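The values are calculated or read from the model by the stated rules, or taken from the named source; none is laboratory data. Bear in mind the structure is a predicted one, so any value in this text is a computation, not a measurement. Cβ placement follows ideal geometry from the backbone for every residue including glycine, while neighbour counts extend to all protein chains displayed.
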Amino acid sequence: MEVNNYEVNTYYDGKNIIDNVDENSIAEELGIEPGDILISINDNKIIDIIDYKYLITDDFITMTIQKKDGELWDLEIEKDYYEDIGITFTNPLIDKAKNCRNKCIFCFIDQLPKGMRKTLYFKDDDSRLSFLQGNFITLTNLSDEEIDRIIRYRLSPINVSVHTTDPELRIKMLNNKNAGNVYSILKRFSEAGIEMNCQIVLIPGINDGDNLKKTLKDLSNLYPSISSVAVVPVGITRYREGLSQLKTYDYESANELLECIHSKQKEYLSEINTRFVFASDEFYVLANMPIPEFDEYEGFPQYENGVGLLRSFHQEVQEALNNIKKNSILNKSYTIATGTLAYDFINDIANMVTSKIEGLRLNVVPIINDFFGEKITVSGLITGKDLIEQLKRHEIGDGVIIPNSMLRRGDKVFLDDITVADVESSLNTNVIISDVDGGKFVDIFKNRMR
């Protein structure tokens, strides 16, 4: 997720500038307007969005607002507990996002080429973004005061990039002398009842094997505070000059890893009544192994980590197709662009859809990642340039379907700043953006049927 790190004490000058006031909200009724500045709540200075959300929950609050002309308004507000007053800020975090102080040997941002947009190079490691947006953090830049604040405000859940609980190895992997105390922080959070999800980026020969088993044992000892652990493979681009030489997973090593994970799942089911640890979809594809069944993902706690995304999508497609009437017809042809990792899966999905809808033709095209290198196989890292150049070799039909994961969140822009409109112009076709949701994918065709 890209973070636009606003420069406090420059343009914003540390001010909590109100960007939007919801229609028919308490704020609108009080005369608060975009451009006004929030000074305090209950005489407390607002440090960040966490302070704001915490202080705004009471049923009676006092608020000081500075108007555009400099006039100060002291407002008394009676409302329901937890009722929002309907304002958002120019800087959603209010404060400046904390940047990462690590130099991880596997860091993906360090593997980006020069010349991309500035926000892609910002490494956030901010507990507030973990709570608000689900970002994973390493805990290496938390002070004791910040740990106490998380506990006091009960910021939960927090997503933690653990990688290993071996202090010396974690210091080496993160290149940070403060990285070795992660388990003591996790224990403090656990004792305070803070819910956590953990992530392990696995690198063959470094933190796998016995080290992985030890890490999982340590983390499972903190269940249920740590409710789930995702294991994901390291990602390697072709821009690694001057960086550590790392191995990647292949068919054999992915099978070995999954054998370990499945063994641990059986152990945890017996001991704590949950599988606890889940391998990302990429491991199953690499190992050419069937994806686990829907209920084996236990509610998909690590969905955003690519854990269970394929199974969830398949289930959603199947349910949506069951609701399509027999003899449905759509005489159209579309091209579906996807990463090489999901090609076989999406091809199977396309066959499911075309077998249900008469006349529909779907051609799935795997886009090789020339920009980052062929070892990057996920759809979310495909650039507009690669998409255009490779689709020019194909008959497009009535449009190109792409997942919204290829685009910057909330925008129609690829990683290389090529826009959807650029793609449409270059290919002389329509681009249809699909949510990563099987039901909405089927709706693309359902809504066009007669």
So, first residue over 22 Å from Tyr303 (Cα atoms) in the range 213-230, second residue in a helix (DSSP H, G or I), Cβ within less than 7 Å, six or more apart or across chains; the pairs are Asp218/Tyr183
Exactly one of Thr335, Thr274 is in the same structural domain as Thr215 (by TED's automatic domain parsing), in contact (Cβ under 8 Å) with a residue 24 or more places away in the chain and either of a type in the set (Ser, Thr, Tyr) or part of a strand (DSSP E or B) (or both), and that one is Thr274
Quick count over the range 313-332, residues being part of a helix (DSSP H, G or I) and in contact with a Phe, Trp or Tyr (Cβ under 6 Å, 6 or more places away or on another chain), is 1
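Look at the range 189-209 and say how many of its residues are surrounded by 15 or more Cβ atoms within 10 Å (Cβ to Cβ) and assigned to a helix (DSSP H, G or I).
Summing the residues that are surrounded by 15 or more Cβ atoms within 10 Å (Cβ to Cβ) and assigned to a helix (DSSP H, G or I) in the range 189-209 gives 2.
Restricting the range 394-438 to residues that are of a type in the set (Asp, Glu) and not in a loop (DSSP other than H, G, I, E, B), which is surrounded by the fewest Cβ atoms within 10 Å (Cβ to Cβ)? Please lay out each step first, then the result.
First, the residues of the range 394-438 that are of a type in the set (Asp, Glu): 395, 398, 411, 416-417, 422, 424, 435, 437.
Among the residues that remain, those that are also not in a loop (DSSP other than H, G, I, E, B) are: 422, 424.
Details: Asp422: 19, Glu424: 15.
Across the range 394-438, the extreme among qualifying residues is Glu424.
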When the range 33-66 is checked residue by residue, the ones that are hydroxyl-bearing (Ser, Thr, Tyr), more than 31 Å from the chain's Cα centre (by Cα) and within 18 Å of Tyr153 (Cβ to Cβ) are Ser40
Within the range 235-289, residues β-branched (Val, Ile, Thr) and farther than 20 Å from Val201 by Cβ come out as Ile272, Thr274
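Pick from Ile77, Ile150: which is modelled with pLDDT of 90 or more, buried (at least 17 other Cβ atoms within 10 Å of the Cβ) and on the phi < 0 side of the Ramachandran plot?
Ile77
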*Residue check, Asn159 assigned by TED's automatic domain parsing to the domain that holds Ile137, within 23 Å of Ser244 (Cβ to Cβ) and either modelled with pLDDT under 95 or over 18 Å from the mean Cα position of the chain (by Cα) (or both)*: no
Within the range 210-234, restricting to residues that are out of contact with any helix residue (DSSP H, G or I) (no Cβ under 8 Å at 6 or more places or on another chain) and farther than 23 Å from Arg149 by Cα, the one that is surrounded by the fewest Cβ atoms within 10 Å (Cβ to Cβ) is Asp210
